[in-house]
Amino acid sequence: MAKIRTRFFIETHEVRTIKRRRFFIRAFCEECGREVSLLPPADAAFLVCQEPAEIYSWIDSKKIHSFYLNGAMPFVCLTSVCLV
Ligand SMILES: [Zn+2]
């Protein structure tokens, strides 16, 4: 009598979702000419896989649109960040 061998292959994969509390504001960006999301530089850096220092250098060189809405903390226009 012949042996019947059954093999099972189980493939698994895992997706991890990291949820962070984000703080953003919807506001009109005059340079884009439309309503956009404004983010703190650290959150913008996280979204585009850059260091916050890089975002600040983009602000200084005016590569991205930035706003000082209420105090010293700048906000950056997400649309302009995505276009760099
Ligand atoms: Zn903009």
| note | If we keep only residues of the stretch 14-52 that are among the small types (G, A, S) and surrounded by 10 or more Cβ atoms within 10 Å (Cβ to Cβ), then the residue farthest from S80 (Cα to Cα) is A42
| query | If you take the residues of the stretch 1-36 that are in a loop (DSSP other than H, G, I, E, B) and aromatic (F, W, Y), which of them is farthest from the ligand (Cβ to nearest atom)? | reply | F8
| request: Please find, within the stretch 59-82, the residue that is modelled with the lowest pLDDT out of those that are under 13 Å from S37 (Cβ atoms) and among the aromatic types (F, W, Y). | output: F67
| Taking the stretch 38-84 only, how many residues are more than 26 Å from K19 (Cβ to Cβ), within 11 Å of the ligand (Cβ to nearest atom) and assigned to a helix (DSSP H, G or I)? | 0
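The values are calculated or read from the model by the stated rules, or taken from the named source; none is laboratory data. Everything numeric in this text was worked out from a predicted model, so none of it was measured. When we count neighbours, we look across all protein chains shown, and the Cβ atoms used for this are built from the backbone with ideal geometry, even at glycine.
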